[in-house]
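J.: Before we start, here is the structure in question, set down as structure tokens.
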């Protein structure tokens with residue numbers, strides 16, 4: 001098992017093997033790079049926000065301890 005540390009939390013996963021002696025560790029390389037993980041998550045969020053904006057659907061966010069609905073015209077997409 002491999003120990004992966006993300007944002008101070010420890011996670012365990014079984015290694016993927018191409019054969020008995022070779023360890024495919026690409027997932028661990030990505031997960032051990034917080035900047036890369038953040039970039040991938042932000043890309044998905046931006047895609048979802050763009051889709052909502054294009055289709056005229058509102059989104060919600062948590063602001064001042066309440067759920068606030070944002071109309072599609074006011075959705076801001078970070079680049």
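Rule-based calculations on the coordinates, nothing more; no lab input. Computed from a prediction, not measured in an experiment: that's the story for all the values here. Cβ placement follows ideal geometry from the backbone for every residue including glycine, while neighbour counts extend to all protein chains displayed.
J.: Give me the number: length gained by fully extending residue 42 to residue 63, i.e. 0.36 nm times residue separation minus the C-alpha to C-alpha distance, one decimal in nm. Provide the component values of the computation, followed by the final result.
T.: Working: separation 21, 0.36 × 21 = 7.56 nm, distance 1.91 nm.
Stretched fully, the residue 42-residue 63 segment lengthens by 5.7 nm.
J.: Let me ask another. How would you rank 59, 68, going from fewest to most other Cβ atoms within 10 Å of each one's own Cβ? Let's see the in-between values first.
T.: Details: 59 15, 68 10.
If I rank by nearby Cβ atoms, fewest first, I get 68, 59.
J.: Figure the gain on full extension for residue 50 and residue 33 (residue separation times 0.36 nm, minus the Cα-Cα span) and round it to one decimal in nm. Mind showing how you got there, number by number?
T.: Details: separation 17, 0.36 × 17 = 6.12 nm, distance 2.61 nm.
In short, 3.5 nm is gained.
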